[in-house]
1. Using per-residue counts of other Cβ atoms within 10 Å, averaged over each peptide, order 159-172, 119-132 from highest down.
2. Please compute the modelled spin-label separation between residue 186 and residue 331, points set 7 Å along Cα→Cβ, answer in nm with one decimal.
3. Quick one: helix 120-131 against the long Cα principal axis of the chain, what's the angle to the nearest 10°, folded into 0 to 90?
4. Compute the distance from the alpha-carbon center of the range 76-111 to that of the range 214-277, in whole Å.
5. Given the Cα-Cα distance of residue 88 and residue 244 and 0.36 nm per residue of separation, how much length would full extension add, in nm?
6. Quick one: grab the alpha carbon gyration tensor of the chain, order the square roots of its eigenvalues as a ≥ b ≥ c, and give me rounded if a/c is under 1.5, else prolate or oblate depending on whether a/b is larger than b/c.
7. By per-residue mean of other Cβ atoms within 10 Å, what is the highest-first order of 224-230, 262-268?
8. Put +1 on the Cβ of every Lys and Arg and -1 on every Asp and Glu Cβ in the range 172-331; which of 296, 230, 205 then has its Cα farthest towards the positive end of the dipole?
Amino acid sequence: MSETRAVICGYYGKGNGGDEALLMSLLQMLPAHVQPIVLSGNPKETKKRYGVVSCDRKSAFPILQALKHSDWFIWGGGSLMQDVTSIASPIYYAGLMALAQQRGLKTIAWAQGIGPLQKPFTRWLTKQVLLNCTAISVRDSRSAKILTDWHISPLIAPDPVWALESKPVTGLGDIPAPRVAVNLRSHSQLTPQRLQNLTQALVQFQQATDSCILLVPFQASKDMAIARSIEAELPGQKQIVTLSDPRELKGLFKGVEMLIGMRFHSLIMAAAEQCRCFALSYDPKVSQLMSEISLPGWELSQLPTDANEISTVWLEYYANGDALNSTQIESMSDRALLHQELLTNNIS
């Protein structure tokens, strides 16, 4: 079979562990005859880490050259089409896909989490480019409903990171057990008062469990400052853990008793490694995941104001809560591979 070139577009090279995990999942699922060209915020690092051709996601000429010499254009997973963060994001991703379609490339929207789309223009823009796609897969029923309302029928399957192979973390066994991981990110709903309440609850939780708290930033620019502020308050064993390999980031949770997490992919990675997860939702995609796999947690907007109440709930779950069982995890992983079938069945 002759070689096929595909431009891969996503939030890559920006230091976000979840998006890097999506890229690695996609590269593993691509048919062998497909040569990827990855648009990245750090093309040198992307090329080095994954062994792929990469170009700057904001450099017009290299992107135009990549499109000129390619057959396919793929949105590579994640919440690319949402206008809560900014209107610039959906315009960027939809603009590139529209340009690819105009130039005759076949297009795939792969493993997407669509929305929220609050503005009429971004809803219209998203609908137009999706109507012209060769194939579409989404990662949750909420996204699927948006598309079915537009008379578009996507494949629905769990996020591809469920199927990402994990890798052991060197030295994890040297960190005192039991280990509890915490992932918080900066967000308008994580107000200074809520962060203070969560930190005080963690102090109480640690004192009651004698656990080592692993603070796990998924994106340093948005997570590290919070991790350091919590680290400074914890009286017991603690460590900030930064991992650049998505497989190791997922493998970390194999040696962790429980995760208290905000980020969507922190919860998926931990749940997939049979780690108990307690969610703090700042986004509909996290709330949807909580509903789909019955994760305990709170909407950040409804977080209790009493640190004692927070720590008491955590302690109850730590003592008596259950992780997903192997049958549930295998089901999610197997169904996540439907995203691979979509690529195999469409890219010739």
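1. On the way: 159-172: 18.8, 119-132: 16.6.
The densest-packed peptide leads the list: 159-172, 119-132.
2. Placing both labels 7 Å along Cα→Cβ, they lie 4.0 nm apart.
3. Compared with the principal axis, the helix lies near 60 degrees.
4. Using only Cα atoms, the two centres lie 29 Å from each other.
5. On the way: separation 156, 0.36 × 156 = 56.16 nm, distance 2.68 nm.
Fully extending the segment from residue 88 to residue 244 adds 53.5 nm.
6. On the way: a/c = 1.92, a/b = 1.73, b/c = 1.11.
Here the chain falls in the prolate category.
7. Details: 224-230: 17.6, 262-268: 26.7.
Put in order of decreasing packing, that is 262-268, 224-230.
8. The residue sitting farthest along the positive end of the dipole is 230.
Laboratory data are not the source of any read-out in this text; all were calculated from the coordinates shown. Remember, predicted model here, so these are calculated numbers, not experimental data. Quick reminder, even Gly has a Cβ in these numbers, built from the backbone with ideal geometry, and neighbours come from all protein chains shown.
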